[in-house]
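The structure under discussion appears below in the form of structure tokens.
The values are calculated or read from the model by the stated rules, or taken from the named source; none is laboratory data. Remember, it's a predicted structure, so these values are computed and weren't measured experimentally. Reconstructed Cβ throughout: ideal geometry from the backbone, glycine too, with neighbour counts over all protein chains shown.
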Amino acid sequence: MSERPVAPAIAADDVKALSIPEVSQRLGIPVSRVHQLVRDGHLLAIRRDGAIGIPEDFLVDETVVKGLTGTITVLRDGGYADEEIVRWLFEDDPSLPGTPISALRSNRGREVKRRAQAMAI
């Protein structure tokens with residue numbers, strides 16, 4: 001997983017992060033595939049207390065949250081670092097209302113992507 005940087009522990013302590021093996025089990029894919037998802041930018045990893053994890057809110061049932069990958073891509077293309085993207089996803093946005101990740105989980109990806117595109121300009 002060294003090809004893609006891991007965001008430091010910037011997410012609030014109340015954001016639950018799953019270990020790579022837990023994500024692997026939850027998605028029903030090999031650990032190597034989870035690493036590949038992070039390398040390819042489909043998921044973002046965070047480091048907390050020296051351990052690498054994926055925020056649990058990035059998953060719904062056995063899949064990655066719909067619209068998350070596209071949102072990550074839009075923000076990266078706009079020059080945002082992984083740390084900034086994770087921070088933004090978990091910050092309250094009164095115009096949504098709630099956080100962007102909550103909006104994505106509630107199938108309001110279009111609204112989130114619009115805000116991400118506006119930020120990336």
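If you scan the stretch 13-30, which residues turn out to be of a type in the set (D, E, K, R) and either crowded, with 19+ Cβ neighbours inside 10 Å or assigned to a helix (DSSP H, G or I) (or both)?
Glu22, Arg26 - these are the residues of the stretch 13-30 that are of a type in the set (D, E, K, R) and either crowded, with 19+ Cβ neighbours inside 10 Å or assigned to a helix (DSSP H, G or I) (or both).
Which residue is modelled with the highest pLDDT, if the candidates are limited to the stretch 49-64 and must be within 24 Å of Asn107 (Cβ to Cβ) and assigned to a loop (DSSP other than H, G, I, E, B)?
My answer is Glu62.
For residues that are more than 15 Å from the chain's Cα centre (by Cα) and either under 17 Å from Ala81 (Cβ atoms) or not aliphatic (A, V, I, L, M) (or both), tally how many sit in the stretch 22-45.
8
Just checking, how many residues over the stretch 45-64 are buried (at least 16 other Cβ atoms within 10 Å of the Cβ) and small (Gly, Ala, Ser)?
Summing the residues that are buried (at least 16 other Cβ atoms within 10 Å of the Cβ) and small (Gly, Ala, Ser) in the stretch 45-64 gives 2.
Can you tell me which residue within the stretch 65-88, out of those that are free of Cβ contacts under 8 Å to residues at least 40 places away in the same chain and under 9 Å from the mean Cα position of the chain (by Cα), is surrounded by the most Cβ atoms within 10 Å (Cβ to Cβ)?
Per the stated criteria, the residue is Leu68.
Regarding Gly41, is this residue of a type outside the set (Asp, Glu), farther than 21 Å from Glu22 by Cβ and in contact with a helix residue (DSSP H, G or I) (Cβ under 7 Å, 6 or more places away or on another chain)?
no
For the stretch 1-14, give me each residue that is in contact with a strand residue (DSSP E or B) (Cβ under 6 Å, 6 or more places away or on another chain) and either closer than 19 Å to Thr69 by Cβ or modelled with pLDDT of 90 or more (or both).
Across the stretch 1-14, the qualifying residues are Val6, Ala7, Ala11.
To keep it simple, each residue is scored yes or no on (1) assigned to a loop (DSSP other than H, G, I, E, B); (2) within 23 Å of Asp14 (Cβ to Cβ); (3) at pLDDT below 95.
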residue	(1), (2), (3)
Ser32	no, no, no
Leu37	no, no, no
Arg47	no, yes, yes
Lys66	yes, no, no
Thr73	no, no, no
Pro94	yes, yes, yes
Ile101	no, yes, no
Leu104	no, yes, no
Gln117	no, no, yes
